1. How do the pairs read when you match residues in region 306-320 that are closer than 13 Å to S356 by Cβ with residues anywhere that are modelled with pLDDT of 90 or more and among the aromatic types (F, W, Y), using Cβ under 8 Å and keeping only pairs 6 or more apart or on different chains?
2. Can you pull out the strands (runs of 3 or more DSSP E) entirely within region 233-310 that have at least 2 residues that are at pLDDT 85 or above and acidic (D, E)?
3. Farther than 18 Å from R243 by Cβ, among the acidic types (D, E) and either surrounded by 12 or more Cβ atoms within 10 Å (Cβ to Cβ) or touching a Leu at 6+ places or on another chain (Cβ under 9 Å) (or both) - does that describe any residue in region 259-271?
4. Residues to consider are A176, A181, A172, A129; find the one that is out of contact with any Gly (no Cβ under 8 Å at 6 or more places or on another chain), under 30 Å from S208 (Cβ atoms) and buried (at least 18 other Cβ atoms within 10 Å of the Cβ).
5. Could you list, ordered by first residue, the pairs with Cβ atoms under 8 Å in which the first is in region 128-147 and farther than 11 Å from Q166 by Cα and the second is part of a helix (DSSP H, G or I) and among the basic types (K, R), at least 6 apart or interchain?
6. Using the structure shown, decide if V113 is in contact with an Asp or Glu (Cβ under 8 Å, 6 or more places away or on another chain), over 30 Å from G345 (Cβ atoms) and either surrounded by fewer than 16 Cβ atoms within 10 Å (Cβ to Cβ) or not aromatic (F, W, Y) (or both).
7. If I go through region 352-379 residue by residue, how many of them are free of Cβ contacts under 8 Å to residues at least 60 places away in the same chain and either under 31 Å from the mean Cα position of the chain (by Cα) or surrounded by 20 or more Cβ atoms within 10 Å (Cβ to Cβ) (or both)?
8. Suppose the filter is assigned to a helix (DSSP H, G or I), over 32 Å from the mean Cα position of the chain (by Cα) and loosely packed, with under 12 Cβ neighbours inside 10 Å; does S164 pass it?
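The values are calculated or read from the model by the stated rules, or taken from the named source; none is laboratory data. None of these values were measured; they are calculated from a predicted model. Cβ sites come from the backbone with ideal geometry, for glycine too, and all protein chains shown count toward neighbours.
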Amino acid sequence: MTSSVTAPSEAAQSRATQPTRGRKKQWALGILTLLAIVGVLVGIKAAQIGAMIDAGSAFVPPPEAVTSAKVEAVEWQSARSAVGSILAVRGVTLGAEMSGIVREIGFENGGAVKKGQVLLRLDTTSESAQLTGAEADAELARLSLARSQSLHGQGANTQSELESAQARSVQAEAVAANLRAIIAKKVIRAPFDGRIGIRQVELGQVVSPGNPIASLQSVDPVHVEFLLPQQALAEARLGQKVRVHVDVFPQHTWEGELTTINPEVELSSRNVRIRATVPNADGRLLPGMFANVEVLAEGKKNVVAIPTTAVLFAPYGDSVFVIVDGKDAAGKPASVAQQRFVRLGERRGDFVEVTSGLTAGEVVANNGAFKLRNGAAVLINDALAPKPEVAPQPVDR
């Protein structure tokens, strides 16, 4: 009985352990497969990274495209630049000296007037009527004085009567002269040739003493007033030539000369005020305009100049990239950029003077220099490069 019971139990246990072994084999096979896949992926990625490293080490950056400019030795006339304002040689705001009603206006807004031209007439009917009576009184007083003098010569009147006649004659003449002066003051004339502004009165308007009528400015010639540092006094001379430019007319230049050098230096700025006189026959320079002034010194100087666009301005120093023959990163012959620090001087239009750091004949990178680094290969392409000018003429397009 006992053996019959034990035999089925062992068979059951054998059947129970068979599925467990099968599952373990499956797990082991899956893990091995996963490890194989991971190994393959790691190998592929390692191969890719290695290829990238090899490509990076073998990579040669392409040359940077820039325009070039030749360092030139040029002759510049020494000049000092300043900023000033245009002033009228003579300028006044015309006003009424007497009160009255405007009866006649003899000018057009903005027109040119001549010295002595009648600009405004006020009503003088009352004064004219009074003048007629005063002139009659003055004539009567003169006749009375003549009779008194004749009688006094004959001894027919006293010295007192003669003196009274003389006083009445003088008084009558004074009354008439006063009325003539009042009438003359009510006729306003141009004190000098010039251009008159917008009138501020109208016909029939009652004006009072001091009321503005219009501005009158003499515009040919004009003054240009500006400041120069006190060091300029060593070179400034009366009669020295100046050139004037205004932003309103960028293509036009006016030439004049220094006419006044202020005899004192301003304490706040240590500058000296200078005035030049400039012919203005076309009348385009107007009082109050902003002006750029160049004071031209005698003689010329030789300078080394490059376009301003070739300079890299930095707090630690200004520099340029000089283009020289060299080799690129692959060791092949190429044009390379060599950074060089420079000292700058006077500017003139699109150019700047180089006082040290460059010599005439060298070639520097111009447009596109900001992209360069020391030793970088460059490709010069001047096909579309704008031409720098000493006196550029801007064009609005």
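1. Once the first residue is closer than 13 Å to S356 by Cβ and sits in region 306-320, its partners that are modelled with pLDDT of 90 or more and among the aromatic types (F, W, Y) give G317/F341; D318/F341; S319/F341.
2. Qualifying strands (runs of 3 or more DSSP E): 254-265.
3. Yes; the residues of region 259-271 include at least one that is farther than 18 Å from R243 by Cβ, among the acidic types (D, E) and either surrounded by 12 or more Cβ atoms within 10 Å (Cβ to Cβ) or touching a Leu at 6+ places or on another chain (Cβ under 9 Å) (or both).
4. A176
5. L131/R180
6. Judged against the criteria, V113 is a match.
7. 5
8. So S164 fails the test.
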